[in-house]
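These notes concern the structure reproduced below.
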Amino acid sequence: MSESLVRRHGLESLLAGMPGSPSADPGVSVTIRGDLGHINVRGNAEGTGFVKSVEQVLGQALPIRPNTVSAGQHQVFWLGPDEWLVATPSGVAAELAGRLKHASTGIHASVNDISGGQIALMLQGPKCRDLLARGCTLDLHPGVFAVGDCAQSGLAKANVVLALVDDKPTFMVVVRRSFSDYLYRWLAHAGSDDGVTFRDA
Amino acid sequence: MLLIECPWCGERAETEFSYGGEAGIARPADPDALGDAEWADYLFNRSNPRGAHRELWNHAQGCRRWFGVERDTVTYRISGSFRLSGGVGKRED
């Protein structure tokens, strides 16, 4: 058993089947971020020192206000009053998860490296909001959903974490790996009029 | 479609939620002491009011929290949401 493990995001075959010359000025360009690690962190936000010890390891704030993201060395998404998602380069995710686990020893908390179960798609371009609105009930108007906001919702019925990263606009969509093939196909179909293009990170 | 206010996430579309039935039904402290009729009453009988109804909802596609909603069963008008504490159905005031 000396096979070497290769990290794959699982959408390679779909990407390979894309038409040869993507449009030069796409309305939406989708970047598949298979290079990100995902860590689920749960713990009590009030008392117990959980927030403090996690923040010390992360080197940045844990967002306490619902549906916001703390951006820094990592991206930390609020998922619930006692649940967060840390997205970070996959090379450091396992080590970071280990340090988080160590820091929360003796505290009622849980840290799980779920990098293998999720995948992030970055949507960029002038038609992003139009495309997302076709499959999502959230109001994504810039006056309502601002940079630094995130939300969990359904995109074409798939459960996703959605965040506005910058006002280009760039949206980050985190989806379960098992739904990524479906979501890729949905984006390709629903965005065909907008000249949606896909590429690897 | 209903717009339901999650106490954490704010107003979201009904499709993000799942329904959990009537709120405020406390599990009997000593189930062994109940007779069949009382146990059946706890399990199956609900108030089924015409008008204001306090019920449980779960923000299944969002923050996955259980919370309470007061909804009018005739008009479907939702008059408010509340967090649960000290057990499902207890009001946090």
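A quick yes/no check of all residues on (1) crowded, with 17+ Cβ neighbours inside 10 Å; (2) more than 14 Å from every other protein chain (Cβ to nearest Cβ); (3) within 23 Å of A:Gln118 (Cα to Cα):
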{"position": "A:Gly27", "(1), (2), (3)": "yes, yes, no"}
{"position": "A:Val54", "(1), (2), (3)": "yes, yes, yes"}
{"position": "A:Leu62", "(1), (2), (3)": "yes, yes, yes"}
{"position": "A:Phe77", "(1), (2), (3)": "yes, no, yes"}
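Determine if the stretch A:48-56 includes at least one residue that is within 16 Å of the chain's Cα centre (by Cα) and not hydroxyl-bearing (Ser, Thr, Tyr). No, the stretch A:48-56 contains no residue that is within 16 Å of the chain's Cα centre (by Cα) and not hydroxyl-bearing (Ser, Thr, Tyr).
Scan the stretch A:79-93 residue by residue and report those that are under 12 Å from A:Asn40 (Cα atoms) and more than 14 Å from every other protein chain (Cβ to nearest Cβ). So that I can check it myself, show each step before the final result.
From the stretch A:79-93, those under 12 Å from A:Asn40 (Cα atoms) are A:79-80, A:82-88, A:93; that's our starting set.
Selection gives A:Val86, A:Ala87, A:Thr88, A:Ala93.
Of all residues in the stretch B:57-70, those being surrounded by fewer than 21 Cβ atoms within 10 Å (Cβ to Cβ) and either under 8 Å from the mean Cα position of the chain (by Cα) or in a strand (DSSP E or B) (or both) number 3.
Are any residues in the stretch A:152-201 in contact (Cβ under 8 Å) with a residue 40 or more places away in the chain, assigned to a strand (DSSP E or B) and touching a Pro at 6+ places or on another chain (Cβ under 9 Å), and if so, which ones? Selection gives A:Thr197, A:Phe198, A:Arg199. Report yes if A:Val175 is at pLDDT 95 or above, open to solvent by less than 10 Å² (accessible area, probe 1.4 Å) and within 14 Å of chain B (Cβ to nearest Cβ), otherwise no. In short, yes. B:Tyr42 falls short on exactly one of the conditions (1) surrounded by 12 or more Cβ atoms within 10 Å (Cβ to Cβ); (2) within 14 Å of chain A (Cβ to nearest Cβ); (3) over 10 Å from the mean Cα position of the chain (by Cα), and that condition is (2). Taken together, B:Arg54, B:Arg12 contain a single residue that is buried (at least 17 other Cβ atoms within 10 Å of the Cβ), within 14 Å of chain A (Cβ to nearest Cβ) and part of a strand (DSSP E or B), which is B:Arg12.
Is one or more of the residues making up the stretch A:148-156 touching a helix residue (DSSP H, G or I) at 6+ places or on another chain (Cβ under 8 Å) and away from chain B (no Cβ under 12 Å)? No, the conditions are met nowhere in the stretch A:148-156. Of all residues in the stretch A:132-151, those that are touching a residue at least 40 places away in the same chain (Cβ under 8 Å), open to solvent by 20 Å² or more (accessible area, probe 1.4 Å) and under 20 Å from A:Ala87 (Cα atoms) total 2.
Please go through the stretch B:5-38 and give me each residue that is of a type in the set (Asp, Glu) and either more than 30 Å from A:Cys136 (Cβ to Cβ) or in contact (Cβ under 8 Å) with a residue 12 or more places away in the chain (or both), ordered by number. Walk me through it before giving the result.
Looking only at the stretch B:5-38, we keep the residues that are of a type in the set (Asp, Glu), and these are B:5, B:11, B:14, B:16, B:22, B:30, B:32, B:36, B:38.
Passing the criteria: B:Glu5, B:Glu14, B:Glu16, B:Glu22, B:Asp30, B:Asp32, B:Asp36, B:Glu38.
Of all residues in the stretch A:64-75, those satisfying the criterion of being within 14 Å of chain B (Cβ to nearest Cβ) and open to solvent by 40 Å² or more (accessible area, probe 1.4 Å) are A:Ile64, A:Arg65, A:Pro66.
What are the residues in the stretch B:1-49 that are among the polar types (S, T, N, Q) and in contact with a His (Cβ under 9 Å, 6 or more places away or on another chain), if any? Lay out the reasoning, then the answer.
Taking the stretch B:1-49 first, the residues among the polar types (S, T, N, Q) are B:15, B:18, B:45, B:47-48.
Those that are among the polar types (S, T, N, Q) and in contact with a His (Cβ under 9 Å, 6 or more places away or on another chain): B:Ser18, B:Ser47.
The values are calculated or read from the model by the stated rules, or taken from the named source; none is laboratory data. Given the structure is predicted, the values throughout are model-derived calculations rather than measurements. Don't worry about glycine lacking a Cβ; one is built from the backbone with ideal geometry, like all the others, and counts go over all protein chains shown. These accessible areas exclude ligands, DNA and RNA; they are computed on the full protein's heavy atoms, side chains included. Shrake-Rupley method; radii C 1.70, N 1.55, O 1.52, S 1.80 Å.
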